[in-house]
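So the structure is just underneath, and the comments pick up after that.
The values are calculated or read from the model by the stated rules, or taken from the named source; none is laboratory data. Quick caveat, the model's predicted, so the values are computed rather than measured. Neighbour counts run over all protein chains shown; Cβ positions are idealised from the backbone, glycine included. Surface areas here come from the heavy atoms of the whole protein model, side chains and all, with no ligands, DNA or RNA. Shrake-Rupley method; radii C 1.70, N 1.55, O 1.52, S 1.80 Å.
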Amino acid sequence: MTRYVMVIDLNTCVGCNACMAACSLENQTPVWSDHWRTYVHDRESGAGNSVRRHFIPRLCNHCSNPPCMTVCPTGATYRTSDGVVLVDESLCMGCQACALACPYKARYPYTHADIKTGKEYYGALRRKAPSMDKCSFCHHRLKVGELPACVRTCPGGSRMLGDLDNAAHPVAELVHNGTAKPLLAHLGTRPNVYYIPQR
Amino acid sequence: MEIMSYTTQDMWTWWFALYLFLGGMGAAVIVVSFLTHMYLREEKELVMWGALSGVAMLGLGSGMLFLHLLHKWAAIYILTPWGILHKPDSWIAWGSQFILWLQIAAVLFALPFMVEKPRLLRWPIIGNVLKMEIVRNVAATAARFQTLLGWVAIITGLGTAVYTGLLLQSFPAVVLWHNPAVPILFTVSAFSTSMAWLLIVMYVFIYHRVDHTIRALYERVDIGLITAELVVIYSFFNYTLSGSESGYRSAELLWNDSGWVLGFVVCGLMIPLVMELRCVFGRWTGKVPIVTASMLVLSGGYLLRHYFMAAGVYAYPW
């Protein structure tokens, strides 16, 4: 059984935001409302000569124990057999409880107004109804054997996708040997996006 | 990775706090008035006021939630009874069913009294509806099953009052919300505000039609509930001060805000507690002190939820 995980190497992320651009075009996200399925945070730490700049890409962590799925009252949020957490927009009533439940700030509303703007912005908009939206690991691409748009676009090779159940896969190895670590693991969400910390 | 930023949410704001307030209070109003009628003393007036005001509060609260939905048609999935079978792990799914059946059971429980009430029958639209043959038949059937309907309302009402806290508890990222004391606090507050509302009703609208012992009992129970609320708030204060930075920041947001300290803790809890104690011990007589205390309790009930929503702090590693 495939279990998709993503590993992001913070040492090779240069903050070019190509992943954000690729994702927004692939998934027609409402960028005009400053809503992104993936976002690269630009942070500084330290002071004086020891100041450092950090680029931290954020996206849905496709948790194995997703709180967004538990709180969803209609069953619109579900988990596929390959471990990807998706939203069925026809079932989602947009109560936004999932956005409050998510510790990774991964969800945002795709509103009626966004759909109207999206039709002008993207031309043929695939979305028909408003709903909560989030990263899908580009599940439509995975199904035909392609990598997510952000992984394929990343110029530094910072983003890697693999199968955690395939121990021979380099991504699985990074997770299993502890090189890559999850975010906010203490919350018990069992995230499937791992980060190689900055050295 | 280290936590680098702390932030609060801006999706569920005052309108959601009002929903939690009206939902909890409306449900508790129905539970308290029905229990009083069924097991303490026959109080038809109290039942009618409790049922109608409770249903109105629940309707208004649910209506506000509905207006905020992105895709309103999809709400049908939580209003159908089998929705709960599809999502038994979601508190919103449970809460929607509780609220729906509570409103139906509350109206049916009060209907036999309403069709006999001359003053209601003289009202323009409601009076005409109550005079309809089908409504009278439904009322006659409901009268035969009144105990059953009462218990359906009591169980779903308790469920609704608890649900308002369980909903916040199900968000793991916020220390202030994700702990077992939240449903207790919100339930105690729901029943305290319901007592306050029913005291206002009994002192202002139906003073001569309700037995004085009921009013006296409610005042005493409300004193106990406000005291319990103060104890839970104090334990919250201690809990958030140590353990995690997110909880500490929530405590800072709350206790540095005069709306929380003066508005909720002082004016919404302490002052009404002192006023009700003076009324119970006979130092203050008349309607004004107890009605004023009850109005302060109501404002405190809303402020509790308002500041609780506003002070939920998320900790992010970016």
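Here are a few things to note about the model shown:
- Here A:103, A:130, A:109 are screened, and the one residue that is at pLDDT 95 or above and in contact with a Ser or Thr (Cβ under 6 Å, 6 or more places away or on another chain) is A:130.
- Matching residues, the range A:36-75, being hydroxyl-bearing (Ser, Thr, Tyr), in contact with a Gly (Cβ under 9 Å, 6 or more places away or on another chain) and crowded, with 20+ Cβ neighbours inside 10 Å: A:74
- Scan of the range B:60-79 for residues that are under 22 Å from the mean Cα position of the chain (by Cα) and open to solvent by 60 Å² or more (accessible area, probe 1.4 Å), ordered by number: B:60, B:66, B:67, B:68, B:79
- Residue ID - farthest from residue B:190 (Cα to Cα), chosen from residues in the range B:286-298 that are touching a residue at least 12 places away in the same chain (Cβ under 8 Å) and open to solvent by 50 Å² or more (accessible area, probe 1.4 Å): B:287
- Cβ separations smaller than 9 Å between residues 6+ apart or across chains give the following pairs from the range A:94-118 residues that are within 9 Å of another protein chain (Cβ to nearest Cβ) and assigned to a loop (DSSP other than H, G, I, E, B) to residues that are open to solvent by 10 Å² or more (accessible area, probe 1.4 Å) and of a type in the set (Phe, Trp, Tyr): A:103/B:316; A:104/B:316; A:105/A:39; A:105/B:316.
- The residues of the range A:113-124 that are open to solvent by 20 Å² or more (accessible area, probe 1.4 Å) and in contact with a helix residue (DSSP H, G or I) (Cβ under 9 Å, 6 or more places away or on another chain), listed by number, are A:113, A:117, A:121, A:122.
- Test for residue B:216: is it open to solvent by 10 Å² or more (accessible area, probe 1.4 Å), touching a residue at least 40 places away in the same chain (Cβ under 8 Å) and within 14 Å of another protein chain (Cβ to nearest Cβ): no
- Qualifying residue in the range A:152-160 (condition: outside any loop (DSSP other than H, G, I, E, B), within 19 Å of the chain's Cα centre (by Cα) and within 14 Å of another protein chain (Cβ to nearest Cβ)): no
- Unmet requirement for residue B:310, which otherwise passes all of (1) crowded, with 16+ Cβ neighbours inside 10 Å; (2) among the small types (Gly, Ala, Ser); (3) away from chain A (no Cβ under 14 Å): (3)
- Considered as a group, the residues in the range A:80-91 that are open to solvent by 10 Å² or more (accessible area, probe 1.4 Å) and under 21 Å from residue A:129 (Cβ atoms) include one that is farthest from the other protein chains (Cβ to nearest Cβ), and that residue is A:80.
- The listed residue being out of contact with any strand residue (DSSP E or B) (no Cβ under 7 Å at 6 or more places or on another chain) and under 22 Å from residue B:35 (Cα atoms), out of B:148, B:85: B:148
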